[in-house]
Amino acid sequence: HNLKISGLNQGNTNISLFNMLGKKVMQSSFEASTSNIVNLPNLSTGIYMVKLQTEIGNITKKIIIE
């Protein structure tokens, strides 16, 4: 239950994880580097939205947890 994030520039990054109903199920922050691994909480199988907020801008991606 880890999420690997790569390709970020240096700087503070906030990550939020939402279920498909829009409920925030996790929020964390870290210092970005070339490759980052974020530990995810125990989540049920399904589709989630990941929102990354960096100093440069925001990125939103859909992930599937099996």
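Every number in this text was worked out from the coordinates using simple rules, so none of it is lab data. Note that the structure is predicted; figures quoted are calculated from it, not measured. Every residue, glycine as well, gets a Cβ built from its backbone with ideal geometry; the counts of neighbours run over all protein chains shown.
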Identify all residues within the range 26-46 that are closer than 14 Å to residue 1 by Cα, in a strand (DSSP E or B) and among the aliphatic types (A, V, I, L, M); write none if there are none. 26, 37, 38
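For the range 1-31, what are the residues that are loosely packed, with under 13 Cβ neighbours inside 10 Å, aliphatic (A, V, I, L, M) and touching a residue at least 24 places away in the same chain (Cβ under 8 Å)? Working first, answer last.
Keep residues of the range 1-31 that are loosely packed, with under 13 Cβ neighbours inside 10 Å, which gives 1-2, 4, 6-7, 9-12, 20-24, 27, 29, 31.
Now drop any that are not aliphatic (A, V, I, L, M), which leaves 20-21.
The answer is 20, and nothing else.
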